[in-house]
């Protein structure tokens, strides 16, 4: 297989090197759509005969086939499954799921995909180590980050920013229940309120005169009194209060 430059894929119609985000081949004018390889989760153009990343023949990639990735919990080979239109990899032993980053975003924003995920048949529960620890990304092998989904859901997932998300058994249902209960929308509203509060606080602090600067100012002018200084400080505080009342 010939090597491709970063950010380029081969057009499935004419074989020309095309940018991964191009909607149409500039040579043969074929319409292009990127999909994830179910085996390695690398991006490729729909219609490609081989994955440009792992070399797997797309005709040989089928639901239920084992992938090259291992479960980060119990080292079992992950199996390819589809939930609605969302490809993901499942550990048939512990019920964990490995989902590419872009597929996870689609799942969280698409109501139809969420409905399909709620109907996912997971294997029976098994005894797993309950100790909190970081696990390795099934794709790149680096330690993933533990993240509280949406910052306040209470569902702590393992995230590799570059490659994807690992969900332990039943966490996919917990996340969807949180989204459908309006939790994601409320979390975003609270984030916006916090951001606005921080902006207002920064603006208010910029308007309040520094006490040491005020003393230096009165000393250099000479004819300012302590009463003058007090009035200046009170005026600055009043400006800050009015700023928050707007």
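Some values worked out for this structure:
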| quantity | calculated |
| --- | --- |
| Stokes-Einstein D for the stretch 75-133, Kirkwood Rh over Cα pairs, 37 °C, 0.692 mPa s (µm²/s) | 263 |
| Spin-label proximity, residue 109 to the stretch 142-167 - amide N less than 16 Å from point 7 Å beyond Cα toward beta carbon | 150 |
| Relative exposure of 198, 90, judged by other C-beta atoms within 10 Å (fewest first) | 198, 90 |
| Distance between modelled label sites at residue 188 and residue 136, nm, 7 Å Cα→Cβ extension | 3.7 |
| Convex hull of the stretch 66-183 built on C-alpha atoms - directionally averaged projected area, nm² | 6.8 |
| Fewest-first ranking of 166, 98, using other Cβ atoms within 10 Å as the exposure measure | 166, 98 |
| Inter-label distance, nm, simple model (7 Å from Cα along the C-beta direction), residue 26/residue 54 | 3.1 |
| Approximate spin-label separation residue 74-residue 118, in nm, with each point projected 7 Å along Cα-to-Cβ | 2.7 |
| 10 Å-binned pair-distance histogram of the stretch 122-195 (Cα, whole percent) | 17, 41, 33, 8, 1 |
| Fewest-first ranking of 192, 88, 43, using other Cβ atoms within 10 Å as the exposure measure | 192, 43, 88 |
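Computed from the coordinates by the stated procedures, all read-outs in this text should not be read as laboratory data. Small disclaimer: the values here were computed from a predicted structure and weren't measured. Backbone-built Cβ (ideal geometry, glycine too); neighbour counts: all protein chains shown.
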